[in-house]
1. Using a 4.7 Å Cβ cut-off, which Cys residues in the chain lack a partner cysteine?
2. If I take R0 = 22 Å and measure r between the Cβ atoms of residue 115 and residue 10 in this structure, what FRET efficiency does the formula 1/(1 + (r/R0)^6) give, to the nearest 0.05?
3. Spin-label point model (7 Å from Cα, Cβ direction): what's the residue 129 to residue 19 distance in nm?
4. So which aspartates and glutamates pass the test for residue 3, namely a Cα distance under 12 Å, with those fewer than 8 places away in the same chain ruled out?
5. Highest first, please rank the peptides 95-107, 77-89, 52-64 by the mean number of other Cβ atoms sitting within 10 Å of their residues.
6. Residue-wise, which Karplus ³J(HN,Hα) couplings in Hz belong to segment 92-102, taking 6.51 cos²θ - 1.76 cosθ + 1.60, θ = phi - 60°, and x for glycine or proline?
7. After finding the eigenvalues of the alpha carbon gyration tensor for the chain, what semi-axes result from the square roots of 5 times each, listed largest first in whole Å?
8. Quick one: compute the contact order of the chain, relative version, from alpha carbon pairs under 8 angstrom and 6+ residues apart, as a percent.
Amino acid sequence: MNKYPIQKSEAQWKEELGAERYRILRGKGTERPFSGTYNLHFEDGAYTCGACHTPLFESNSKFESGCGWPSFDKSLQGSIEYVRDSSFGMIRTEILCANCGSHLGHVFDDGPTNTGQRYCVNSLSVDFKKK
């Protein structure tokens, strides 16, 4: 049984998201660094899940990390699920949308702000709603 409020078949997700977004959001893929739309995007608004449109990050939490992916120092409360990821011989914390279970990226404890967090997110995992 799926534990997320939004439940769809993988065929439905694939049809709605298209091949590349599906690969990242549902297949836990990663886009190439410095290639994403939102890497150097700094408008006022909110970033939402690219699959279900749940608000995840406010624009005031975004910063330039130099890592090649959009980076945030905090998420909206209750919007993210944290999962231990030991793939590729590393121990990391994967971040998923708490509403639909889609892969967003990873969070690291090396952020430069007072939170100490760096949410490293694929641009294709999010959409942006301008204020």
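Each reported figure results from applying straightforward, stated rules to the coordinates on display, with no laboratory input. For clarity, every value in this text was computed on a predicted model and none was experimentally measured. No Cβ is skipped: glycine too gets one built from the backbone with ideal geometry, and neighbour counts run over all protein chains shown.
1. So far as the 4.7 Å Cβ criterion goes, 67, 120 stand without a partner in the chain.
2. 0.05
3. 3.1
4. 81
5. Values: 95-107: 23.2, 77-89: 11.5, 52-64: 17.5.
Output ranking for 95-107, 77-89, 52-64: 95-107, 52-64, 77-89.
6. Once θ is set to phi - 60°, the couplings for segment 92-102 become 9, 10, 6, 10, 10, 5, 6, 8, 10, x, 6 Hz.
7. Three semi-axes, in Å: 22, 17, 15.
8. Relative CO of the chain lands at 29 percent.
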